[in-house]
Structures are given as C-alpha cells and as structure tokens.
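Visitor: Questions regarding the structure given below will be posed in turn.
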Amino acid sequence: MTPRDVVAALAAACLTIVLLLASVRAAGIDPATSAIGFTLKTRWGKTLIGHFPRYEGEIATLPDGRRQVRLRLAATDVVIDDSTTFTRLTRGEGFFEADRYPWVEFESEPYASSLTRHGGRLGGRVTIRGVQRRESFVIQPATCERPGVECDIVARGSIDRNDYGMDRWGFALSRKVVFSLRVRTMPGHDMPGHDIPERAMSEHAVPERGT
C-alpha cells in the first residue's frame, strides 16, 4: 500500500466516524417537567424522601435507531424532605461524599424505543463515589404513544449502598436505596427513530436487583 493509499484510507475512516457521530441525535431532559429522586428507610421505619434538584441528561437516538439515556445528578444539591440533618448526612462523607464526588451518573445500554411504550427492564452503568456497577431499572408501561414527549417516562430501581462504599450509618439507615425517575424531554425535541425488535432490547437487559 502506498503512502497515498494510507492517507486515503485514514481520510475515509475519519469521514465515517464523523458521519456516525453526526447521526446521533439527542433530546435533552426537561428539568421543568421531570423529577428524579430516591427513598431510603430508617431502621425505625421512617421513609426518607430525597430529591436531586439539579441534574443534566439526555435521551440519544443512536444511528441504528435505538435509544440511550445519559444522566448526571448533582450530589452536592441533594435534599431530604423536612430534614436538614439527613440532607447534610446524605451529602456527607458517609453517603454520597459530594465534596469529593459531586456527580451520580447513569448511562443506559442501548434499548429499543418500544421499551418505553410497553415497559420492561433497562440495564446500564451507575457510578457513585467513583465506583461503577451494572444495575437495572424497571420502566413502567407508557400512558401515551410518545413517552417522554406526550407523557412521562417512569422508571424505578434499587441499589445496595454498601456496593458503592456508602456503608456508614448502618445503625440508622437501611442498605437499600430506591431511585425513581419521571422524565420528559425538552419542548420541541422529538425523538425520531424506528423500532428495534424486542430481542435486540433483551440482549442488553440485566436481571433486576429488586424494587
């Protein structure tokens, strides 16, 4: 292969990558109509309700038509309803340790658009305190034809906080943290793409830890 052939091959490869990246379209998650939070039980039976008031996220449509969710939740802004003490505790060193690890992140595995209409399990990578693990969320069946646009995408899933080094306060708090999401995309950002057969989605599903 001549130097000219090598240059031509590299140029073709670069062009292919650029075209693929250009074909990935993303709809931003609308903070005005979405809500992301969690619940946590105390050892004496009280349920603590937490919220992430600040977050970044999008639902991308990949070149093959599948979707992918990407979320970054600001641990520095976590709020526990009616409790400044538990707000401080969950932001602190024994829980999210927000000063050192300011973001909780989730990136889903690619999934068929039909998943958000019919419901099912969605696997992905959760990163908390620098620890990355594979988890799953349960997507509820939609109440409309275009979930995320005409109605909420509703999801729920639980983690064991000890898996992420959040192992303090065991005498006061349970290990199970249940995340809940109600998500819509920004106005004017439809999510184009064609349906993928259910088998394509199931290849990326992971066993549900529990809700």
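Visitor: Please specify each residue of segment 93-102 satisfying the condition of being modelled with pLDDT of 95 or more and either under 12 Å from the mean Cα position of the chain (by Cα) or small (Gly, Ala, Ser) (or both).
Guide: Within segment 93-102, just Ala98 meets the criteria.
Visitor: While we're here: For segment 133-149, which residues satisfy the criterion of being more than 12 Å from the chain's Cα centre (by Cα) and more than 22 Å from Arg168 (Cα to Cα)? Outline the logic, then answer.
Guide: Step one: filter segment 133-149 for residues more than 12 Å from the chain's Cα centre (by Cα), giving 133, 140-149.
Matches in segment 133-149: Gln140, Pro141, Ala142, Thr143, Cys144, Glu145, Arg146, Pro147, Gly148, Val149.
Visitor: Which residues, counting only those in segment 97-132, are among the small types (Gly, Ala, Ser), under 17 Å from Arg70 (Cα atoms), without any contact (Cβ under 8 Å) to a residue 60 or more places away in the chain and in contact with a strand residue (DSSP E or B) (Cβ under 7 Å, 6 or more places away or on another chain)?
Guide: Going residue by residue through segment 97-132, those that are among the small types (Gly, Ala, Ser) are 98, 108, 112-114, 119-120, 123-124, 130.
Those left that are additionally under 17 Å from Arg70 (Cα atoms): 108, 112-113, 123-124, 130.
Filter again for without any contact (Cβ under 8 Å) to a residue 60 or more places away in the chain, leaving 108, 124, 130.
Hits for segment 97-132 are Ser108, Gly124.
Visitor: Which members of segment 29-46 meet the condition of being of a type in the set (A, V, I, L, M) and touching a His at 6+ places or on another chain (Cβ under 8 Å)?
Guide: Our first condition is that a residue be of a type in the set (A, V, I, L, M); within segment 29-46, this holds for 29, 32, 35-36, 40.
Those that are of a type in the set (A, V, I, L, M) and touching a His at 6+ places or on another chain (Cβ under 8 Å): Ala35, Ile36.
Visitor: Go over the candidates Glu109, Glu56 one by one and state the one that is acidic (Asp, Glu) and farther than 21 Å from Asp152 by Cβ.
Guide: Glu109
Visitor: Something else about it: Would you mind finding the one in Thr47, Thr76, Thr42 that is at pLDDT 95 or above, touching a helix residue (DSSP H, G or I) at 6+ places or on another chain (Cβ under 9 Å), of a type outside the set (Phe, Trp, Tyr) and surrounded by fewer than 15 Cβ atoms within 10 Å (Cβ to Cβ)?
Guide: Details: Thr47 fails: touching a helix residue (DSSP H, G or I) at 6+ places or on another chain (Cβ under 9 Å); Thr42 fails: at pLDDT 95 or above.
Exactly one of Thr47, Thr76, Thr42 is at pLDDT 95 or above, touching a helix residue (DSSP H, G or I) at 6+ places or on another chain (Cβ under 9 Å), of a type outside the set (Phe, Trp, Tyr) and surrounded by fewer than 15 Cβ atoms within 10 Å (Cβ to Cβ), namely Thr76.
Visitor: Kindly evaluate Ala155 against the criterion of being modelled with pLDDT of 95 or more, touching a Leu at 6+ places or on another chain (Cβ under 8 Å) and surrounded by 14 or more Cβ atoms within 10 Å (Cβ to Cβ).
Guide: On the way: modelled with pLDDT of 95 or more: yes; touching a Leu at 6+ places or on another chain (Cβ under 8 Å): yes; surrounded by 14 or more Cβ atoms within 10 Å (Cβ to Cβ): yes.
So Ala155 passes the test.
Visitor: May I pose another question? Going by what's in this entry, would Gly130 be described as of a type outside the set (A, V, I, L, M, F, W, C), within 17 Å of the chain's Cα centre (by Cα), closer than 18 Å to Ser158 by Cβ and modelled with pLDDT of 95 or more?
Guide: Numbers: of a type outside the set (A, V, I, L, M, F, W, C): yes; within 17 Å of the chain's Cα centre (by Cα): yes; closer than 18 Å to Ser158 by Cβ: no; modelled with pLDDT of 95 or more: yes.
So Gly130 fails the test.
Visitor: Taking Asp163 as meeting all but one of (1) farther than 24 Å from Arg25 by Cα; (2) assigned to a strand (DSSP E or B); (3) modelled with pLDDT of 95 or more, write down the number of the exception.
Guide: Of the numbered conditions (1) farther than 24 Å from Arg25 by Cα; (2) assigned to a strand (DSSP E or B); (3) modelled with pLDDT of 95 or more, the odd one out for Asp163 is (2).
Visitor: Here is a check on your reading of the model: is Pro192 over 30 Å from Thr76 (Cβ atoms) and at pLDDT below 95? Working first, answer last.
Guide: Working: over 30 Å from Thr76 (Cβ atoms): yes; at pLDDT below 95: yes.
Yes, satisfied.
Visitor: While we're here: Would you please name the residue that is surrounded by the fewest Cβ atoms within 10 Å (Cβ to Cβ), looking only at residues in segment 111-152 that are out of contact with any Cys (no Cβ under 6 Å at 6 or more places or on another chain) and among the β-branched types (Val, Ile, Thr)?
Guide: Per the stated criteria, the residue is Val131.
The values are calculated or read from the model by the stated rules, or taken from the named source; none is laboratory data. Quick caveat: nothing in here was measured; it's all calculated off a predicted structure. Cβ coordinates were reconstructed from backbone atoms using ideal geometry, including for glycine residues, and neighbour counts include every protein chain displayed.
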